[in-house]
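The values are calculated or read from the model by the stated rules, or taken from the named source; none is laboratory data. If you're wondering where the values come from, they're calculated on a predicted model, not measured in any experiment. Positions of Cβ are generated from backbone atoms using ideal geometry, with glycine treated the same way; all protein chains shown enter the neighbour counts.
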Amino acid sequence: MRIAVGSDHRGFRLRGKIVELLRSLDQEVLDVGTHSEEHVDYPDIASAVAEKVSRGEVDRGILICGTGLGMCIVANKYPGVRAAPCHDDLTAEMSRRHNDLNVLCLSGDILGDRLVDRLVEIWLNTAFEGGRHARRVEKITSLEQANGEA
Ligand code: RB5
């Protein structure tokens, strides 16, 4: 899978670990930074990743900021992007099975490294169930088109 990964300064350390994990799992990683702890604005990073997902240049994205919330708000402005913060096994699994989540948002402040490894692996390996959930995701897409996001 081709995965774009980005963080602001608050997710910088965790992003490095996630990039390493993804590469060890033979995923193709597009690392958009940030590449130091110097402060950056999370909307700039979230846009870089979400735009690639929206245009189909990558299959999925992962975004990390202090809480995971700011990244999520920005990413969902892009058509076709379904982003949400996941913080435990259940949200990571259900975000894929029911919501076909294509941008995983994580908190660099709250989550421990081992938990993050688990969440990323669950999220990578869980398939979308389709069926009635596909109908619901299609409704999200229709709302997006009707409201002319981004
Ligand atoms: C940056 O200070 C912080 O606001 C950001 O990392 C994130 O938590 C925003 O939602």
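Sort out which residues of segment 82-105 are within 9 Å of the chain's Cα centre (by Cα) and closer than 18 Å to E144 by Cα, and write them in order of number.
R82, A83, A84, L101, N102, V103
Does segment 83-106 contain any residue that is touching a His at 6+ places or on another chain (Cβ under 9 Å), among the basic types (K, R) and over 19 Å from H9 (Cα atoms)? Steps first, answer last, please.
First pass over segment 83-106, keeping only residues touching a His at 6+ places or on another chain (Cβ under 9 Å): 97-100, 106.
Add one more test, that the residue is among the basic types (K, R), and what stays is 97.
Imposing the further condition that a residue be over 19 Å from H9 (Cα atoms) reduces the set to 97.
Taking every residue of segment 83-106 in turn, at least one turns out to be touching a His at 6+ places or on another chain (Cβ under 9 Å), among the basic types (K, R) and over 19 Å from H9 (Cα atoms).
All but one of (1) in a loop (DSSP other than H, G, I, E, B); (2) without any contact (Cβ under 8 Å) to a residue 60 or more places away in the chain hold for L115; which doesn't?
So the condition that L115 fails would be (1).
Looking at segment 37-46, which of the residues that are of a type in the set (D, E, K, R) and more than 15 Å from the chain's Cα centre (by Cα) is surrounded by the most Cβ atoms within 10 Å (Cβ to Cβ)? Reasoning before the result, please.
Restricting attention to segment 37-46, the residues satisfying the condition of being of a type in the set (D, E, K, R) are 37-38, 41, 44.
Within this subset, residues satisfying the condition of being more than 15 Å from the chain's Cα centre (by Cα) are 37-38, 41.
Details: E37: 11, E38: 8, D41: 13.
Selected residue: D41.
Does R82 fit the bill of being touching a Ser or Thr at 6+ places or on another chain (Cβ under 7 Å) and either surrounded by 14 or more Cβ atoms within 10 Å (Cβ to Cβ) or modelled with pLDDT under 95 (or both)?
So R82 fails the test.
When both residues are 6+ apart or on different chains and their Cβ atoms are under 9 Å apart, which pairs have a first residue that lies in segment 88-112 and is closer than 17 Å to C65 by Cβ, and a second that is within 16 Å of the ligand (Cβ to nearest atom) and among the aromatic types (F, W, Y)?
Partner pairs satisfying both residue conditions: G108/F12.
Could you run through segment 92-150 and say how many residues are basic (K, R) and surrounded by 12 or more Cβ atoms within 10 Å (Cβ to Cβ)?
If we filter segment 92-150 for residues that are basic (K, R), which is where we start, we get 96-97, 114, 118, 132, 135-136, 139.
Imposing the further condition that a residue be surrounded by 12 or more Cβ atoms within 10 Å (Cβ to Cβ) reduces the set to 96-97, 118, 136.
The qualifying residues number 4.
For segment 5-36, which positions are more than 15 Å from the chain's Cα centre (by Cα) and hydroxyl-bearing (S, T, Y)?
S24, T34, S36
Take residues that are within 13 Å of the ligand (Cβ to nearest atom) and of a type in the set (V, I, T) and tell me which of the strands (runs of 3 or more DSSP E) falling wholly in segment 1-104 contain 1 or more. Spell out how you get there, then give the answer.
Numbers: elements: 2-7, 28-31, 60-65, 83-85.
Answer list for segment 1-104: 60-65.
Exactly one condition in (1) touching a Lys or Arg at 6+ places or on another chain (Cβ under 6 Å); (2) surrounded by 19 or more Cβ atoms within 10 Å (Cβ to Cβ) is not met by A50; state its number.
Unmet for A50, out of (1) touching a Lys or Arg at 6+ places or on another chain (Cβ under 6 Å); (2) surrounded by 19 or more Cβ atoms within 10 Å (Cβ to Cβ): (1).
Does segment 18-36 contain at least one residue that is crowded, with 24+ Cβ neighbours inside 10 Å and out of contact with any Asp or Glu (no Cβ under 8 Å at 6 or more places or on another chain)?
So the first thing to find is which residues in segment 18-36 are crowded, with 24+ Cβ neighbours inside 10 Å, and the list is 18.
With out of contact with any Asp or Glu (no Cβ under 8 Å at 6 or more places or on another chain) added as a condition, the list becomes 18.
Yes, that holds for at least one residue.
Please list, ordered by first then second residue, the pairs with beta carbon atoms under 9 Å, 6 or more apart or interchain, first in segment 6-28 and without any contact (Cβ under 8 Å) to a residue 40 or more places away in the chain, second among the polar types (S, T, N, Q) and within 16 Å of the ligand (Cβ to nearest atom).
Close Cβ pairs satisfying both conditions: H9/T34; H9/S36; G16/S7.
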